[in-house]
Amino acid sequence: MATETIAARGSSLRTWLVLLIIWEICGRLQLIASGALPAPSSILMRLWIDRADYPPHILATLEGAGVGFLIGNGIAVAAGVLFALFPMAARLGRGVNIALFALPAIAISPLLVLTFSDMTPRIILAAIGCYFVTMSSTVTGISQTDQRMIEVIRAYGGGRWKILVLAQMRSALPAILSGLRIAAPNAVLGSILAEFGGGGRYGLGVYLIGSLGRAEPDRLWGIGLAATLIAGLAYAVFSLIALRFTGATKAVTVPATAPGGATMSWPLWLRLLLSTGSVVIPIALWWLLLIAMGTPAMIAKTPLGLFEYLFLQPNSQASQMKLLAALGQTLPLTIAGMALGIAFAFGLALMSVLRPGIIRGFMPVALVTQTMPLVALTPLLVLILGRGPSLILWITISVTFFPAFVTMAQGLSMVPRAALDVPRAYGASLFTQLRLVSVPASLPYLFAATRLAVPRALLGVMIAEWLATGTGLGNLLNQSRGYLDYGMIWAVAVVSVLLSVVFYQCVVLIERPVLARRGMRAAQ
Amino acid sequence: MTGPSGIRLDTVSRSFKGRGTTVQALDNVSLDCPAGSFTALIGPSGCGKSTLLRLALGLDQADSGEVSIAGLAPMDAARAGMTGVAFQDAALMPWRSVEDNIALPLDVLGQPRRDNAAKIASLIDLVGLAGFEKALPGELSGGMRQRVAIARSLVTNPQVLFLDEPFGALDQILRRQMNVELQRIWIASRATTLLVTHGIDEAVFLADRVAVMQSKPGRITRIIDIPLMRPRGPDVFTSAEFHRLEDEIAGALNGH
Ligand SMILES: Nc1ncnc2c1ncn2[C@@H]1O[C@H](COP(=O)(O)OP(=O)(O)OP(=O)(O)O)[C@@H](O)[C@H]1O
Ligand SMILES: [Mg+2]
């Protein structure tokens, strides 16, 4: 076992070395897109030359991301506990949750910068980036607590609170930690996206934007590397903590008790009421927030103002046409990229059961593609891949892939030992073990990962469209920013949220009957 | 009817709706366990023994009929700290050490652990796990985990004790030892005990009365008194009276 680990580590080290050498050669000889990919040595050299510039930028980004991380996750865990304990609250909050999750950071960053001063937009975007991931993993963790433990506590007269404190919080810890490790790079990304929107002199995003015009790929790569490093370190810290807790938490036997689910027995009128509420609440919040902040009506469109813009004004027709045309370009690529990203993640997660070395070897690569702020990566990818649809596809795959992979690998690693022991005892091949145990057990996580992927895919497409291809919703957003067409900015933001919600609901519609047939419960 | 800590089930029924089928797990079951008595529940797999136990613990609600512990609703008795339980499944918390798992009921009931440290240590000794105080459940064998669950059921000095096949994963020798120990504990505490078991010998050795169940629908078909003197030593297992009682129960299980 030990030698196996060392061997795996050695081989992944070798892979990295080989990759690095190939990269160096390509860079030196300017093989890729005539110098768009500088050699690692010249990136490092440039980093050294620029070393005095970095500290204030890094500190500023860390501040925005760090404060946002704390606030966002604090709210997320509290909300997760609330939603897990009170299904009704979960149903009511669903609209807000999905809207927050689907909120395209690039769309609201200009709006935030206009409304708030220095750090606040960064903190808000970083917090929003953390919220959904952590909230949903808290709910998953709590609701998947071994029913048998809960029964022991109940048998001694323990109520909701005791069950939460003694069993559910602790058993949710690995899930929460794995949520936090996805949230950490998200917070960095959120802060950087807000920095792009303007405001403030310092921050890696500010630095990057400032260097963007100057055809210096090695500096761009250096900044990207610094951002990646911060995100990667945050990820690593939480992975280490998670590892420490998952080992002790893995149940030794398979719970036979069916998970209780009272929610399905709600009367129809109550379900209708809750559904309506979950739709009304985000809209009401949107309205209330605008009133509370006192944003000028020119910039801040209320739901009513947006309706007016899209349907009642003289140029509404033209606006509608623009919006629909952009949608037609964005949608197909989003769906294709998402499907590929998830398929890739599922395949790799299954392989990681067969060859645990894969996780160790591949995680860093996945992490780099994820945390390398897309906005930094996109100009470089443009030089390498050109401005065609394949660029959008690649970017979308890479944004979808990583969180999906983490979610599914996590799900598979929680499969109890005893469940795998039975087929193994009958000499089942690894493939049979996968088919009989791992795949069925990971189904809830596959669905959860798909739901997670939807808005990310859309975000990836929009960023690529904005920065590179000049098509679709992303481009429309960028143009409208230039024309100070705030109505259109709001329209794009709302349409992209609605799109995500529709996608999300489609997944839920498939998920419910599939899991119900297998006596399983959805992982939130 | 029931004394200060008796268990009483009065015409209790419980059915489960599965996928398209309905299982009548309990059909008009009545059982009266007087305070301080030891009752064994025996019957074929799936006849509703665990279901009966869960109803008596307040973990599940009967479709009809009354359940009371010491005259209280099951949940109230549990909250008062009167009950102890060991499930068929050890159901330990994988992140708690042996010691901490045993102390769980104290944490639930809000009793300070300090006052019970000696009690916990003696229970660990009793179930033969000395030296494993700090071990996690994942590092124990199936039988060891079950012994932790038994120790856990005793930590609150319960007046009413529910045991669902607590010795199922133990070897025959250890099982006999644990039977003798359980009898000793029971004589000292006189807790009203309801023991679910598959072992006829275990039932005869430990119980005052053996309730025999049949399935489809789940019901109690006979109650057989065990008039053997206490304390019963290991030699009881070989006595003629013991064998006669065993045969009688086996006959009842076969529907005679
Ligand atoms: N939560 C449940 N949902 C559906 N059916 C159930 C449930 N719990 C028990 N049953 C059914 O009720 C019947 C009695 O189950 P129970 O667990 O009480 O049996 P048992 O006598 O304890 O069996 P064993 O000796 O094997 O433990 C079984 O047919 C079982 O399928
Ligand atoms: Mg049972």
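Can you tell me which residue among B:Leu123, B:Leu106, B:Leu161 is away from ligand 2 (no atom under 16 Å from the Cβ), at pLDDT 90 or above, closer than 25 Å to B:Ala35 by Cα and not in a helix (DSSP H, G or I)? Talk me through it step by step, then tell me what you get.
Details: B:Leu123 fails: not in a helix (DSSP H, G or I); B:Leu106 fails: not in a helix (DSSP H, G or I).
Step by step, each of B:Leu123, B:Leu106, B:Leu161 is checked, and only B:Leu161 is away from ligand 2 (no atom under 16 Å from the Cβ), at pLDDT 90 or above, closer than 25 Å to B:Ala35 by Cα and not in a helix (DSSP H, G or I).
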**OP:** Could you grab me the full set of residues in segment B:137-167 that are within 13 Å of chain A (Cβ to nearest Cβ), under 19 Å from B:Glu202 (Cα atoms) and within 16 Å of ligand 1 (Cβ to nearest atom)?
**Re:** B:Gln146, B:Ala149, B:Phe162, B:Leu163, B:Asp164
Original post:
Failed condition for B:Ser50, given (1) within 11 Å of ligand 1 (Cβ to nearest atom); (2) assigned to a helix (DSSP H, G or I); (3) more than 24 Å from B:Ile226 (Cβ to Cβ), with all others met?
Top reply: (3)
**OP:** Of the conditions (1) within 14 Å of another protein chain (Cβ to nearest Cβ); (2) away from ligand 2 (no atom under 16 Å from the Cβ); (3) of a type in the set (A, V, I, L, M, F, W, C); (4) out of contact with any strand residue (DSSP E or B) (no Cβ under 7 Å at 6 or more places or on another chain), B:Met178 clears all except one; give me its number.
**Re:** (1)
Original post:
Which residues, counting only those in segment B:1-35, are surrounded by fewer than 18 Cβ atoms within 10 Å (Cβ to Cβ), of a type outside the set (Val, Ile, Thr) and in a loop (DSSP other than H, G, I, E, B)?
Top reply: B:Met1, B:Gly3, B:Pro4, B:Gly18, B:Arg19, B:Gly20, B:Pro34, B:Ala35
**OP:** Can you tell me which residue among B:Val155, B:Val108 is among the β-branched types (Val, Ile, Thr) and buried (at least 24 other Cβ atoms within 10 Å of the Cβ)?
**Re:** B:Val108
Subject >> Residue satisfying all of: in segment B:24-61; within 16 Å of ligand 2 (Cβ to nearest atom) and small (Gly, Ala, Ser); farthest from the chain's Cα centre (by Cα) among these >> reply: B:Ala25
Subject >> So B:Thr83, is it at the interface with another protein chain (Cβ under 10 Å from one of its Cβ atoms) and under 18 Å from the mean Cα position of the chain (by Cα) >> reply: yes
**OP:** With respect to B:Ala130, determine if the residue is assigned to a helix (DSSP H, G or I), surrounded by fewer than 19 Cβ atoms within 10 Å (Cβ to Cβ), at pLDDT 90 or above and away from chain A (no Cβ under 12 Å).
**Re:** no
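Return yes when A:Ser137 is buried (at least 24 other Cβ atoms within 10 Å of the Cβ) and more than 14 Å from chain B (Cβ to nearest Cβ) and no when it is not. Let's see the steps before the verdict.
On the way: buried (at least 24 other Cβ atoms within 10 Å of the Cβ): yes; more than 14 Å from chain B (Cβ to nearest Cβ): yes.
Considered against the rule, which asks whether it is buried (at least 24 other Cβ atoms within 10 Å of the Cβ) and more than 14 Å from chain B (Cβ to nearest Cβ), A:Ser137 comes out as yes.
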Original post:
Could you list, in sequence order, the residues of segment B:49-70 that are touching a Pro at 6+ places or on another chain (Cβ under 8 Å), away from every other protein chain (no Cβ under 12 Å) and on the phi > 0 side of the Ramachandran plot?
Top reply: B:Ala70
Subject >> Residue in segment B:14-32 that is of a type in the set (Ser, Thr, Tyr), within 16 Å of ligand 1 (Cβ to nearest atom) and closer than 25 Å to A:Ile153 by Cα present >> reply: yes
**OP:** Looking at (1) within 16 Å of ligand 2 (Cβ to nearest atom); (2) in contact with a strand residue (DSSP E or B) (Cβ under 8 Å, 6 or more places away or on another chain); (3) not in a loop (DSSP other than H, G, I, E, B), find the lone condition where B:Gln88 falls short.
**Re:** (3)
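The values are calculated or read from the model by the stated rules, or taken from the named source; none is laboratory data. Please read these numbers as outputs of a predicted model, since none were measured by experiment. Methodologically, a virtual Cβ is constructed for each residue, glycine included, from the backbone with ideal geometry; neighbour enumeration extends over all protein chains shown.
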